[in-house]
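Input: a single structure, listed below in structure tokens.
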Amino acid sequence: GDAFFTELGRQAPHVVHLFQRPKKLQAYMWMQAVELLVVFTEVPEKFFEALQSLTIRHVKYGVKGEYVKPFGKAILSGLEELAGPRWTPPVVTAWKNLWSRVSTCVGRSLNVGTNLITVALVNGDVERFREAIECAPRRDRMSWVTRVEVYGAIMSPLYWAIRDGKFAIAQFMIQDLLALRADRDAYYY
């Protein structure tokens with residue numbers, strides 16, 4: 001785990017702030033990430049099941065799709081250090097190919113799950129949330145406030161805000177949901 005974090009600090013110092021838990025726990029999580037890579041080759045269905053919750057967690061941490069590349073370089077460097085002389089050209093090629101396939105899936109998932117609403121929720125920013133939903137057509141505004149899709153999972157932003165203790169956003173959502181709106185065709189509430 002230490003090799004991974006050292007390399008990550010070298011490759012992408014701008015993402016190190018995302019790792020705020022104790023180093024031992026982070027090292028354990030790093031080993032779980034490597035295990036998930038292996039699962040991808042053995043039981044892809046299990047990988048994609050895990051990817052959904054992994055994506056949701058990482059969207060909430062503020063991870064962006066662009067962070068996947070430096071993370072991959074750090075993983076490969078950490079594996080190289082662990083493998084030592086067993087890090088042969090065929091092993092390198094196999095891991096690089098595996099990471100290429102996995103990182104494409106993870107990057108896409110993070111990009112799809114990262115929209116203006118989820119970014120505002122992650123940051124607890126009421127003003128950004130207000131700006132995100134102001135562009136919603138009146139008839140769609142309620143659904144924008146009550147559901148967001150992150151890699152195939154439908155989540156309630158209201159529930160998300162309450163669960164994460166972002167009560168100012170939750171209060172804004174409730175007030176927004178209770179407001180009556182109208183256009184030429186109908187009233188919306």
Inset, instruction - Please find, among L158, L121, the residue that is farther than 30 Å from K46 by Cβ, part of a helix (DSSP H, G or I) and modelled with pLDDT of 80 or more. - result: L158
Inset, instruction - Would you confirm whether any residue within the range 9-32 is open to solvent by 30 Å² or more (accessible area, probe 1.4 Å), farther than 30 Å from N123 by Cβ and assigned to a helix (DSSP H, G or I)? - result: no
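Matching residues to (1) open to solvent by 70 Å² or more (accessible area, probe 1.4 Å); (2) of a type in the set (S, T, N, Q); (3) in contact with a Ser or Thr (Cβ under 6 Å, 6 or more places away or on another chain):
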residue: W87; (1), (2), (3): no, no, no
residue: W95; (1), (2), (3): no, no, no
residue: V102; (1), (2), (3): no, no, no
residue: N111; (1), (2), (3): yes, yes, no
residue: L116; (1), (2), (3): yes, no, no
residue: M155; (1), (2), (3): no, no, no
residue: F172; (1), (2), (3): no, no, no
Inset, instruction - Would you mind stating whether T55 is among the polar types (S, T, N, Q), in a helix (DSSP H, G or I) and surrounded by fewer than 17 Cβ atoms within 10 Å (Cβ to Cβ)? - result: no
Inset, instruction - Please find, among E81, E131, the residue that is in a helix (DSSP H, G or I), acidic (D, E), closer than 30 Å to L178 by Cβ and open to solvent by 90 Å² or more (accessible area, probe 1.4 Å). - result: E131
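The values are calculated or read from the model by the stated rules, or taken from the named source; none is laboratory data. In this text, all values refer to a predicted model and were calculated from it rather than measured experimentally. Methodologically, a virtual Cβ is constructed for each residue, glycine included, from the backbone with ideal geometry; neighbour enumeration extends over all protein chains shown. These area figures cover heavy atoms from the full protein model, side chains too; ligands, DNA and RNA do not enter into them. Shrake-Rupley method; radii C 1.70, N 1.55, O 1.52, S 1.80 Å.
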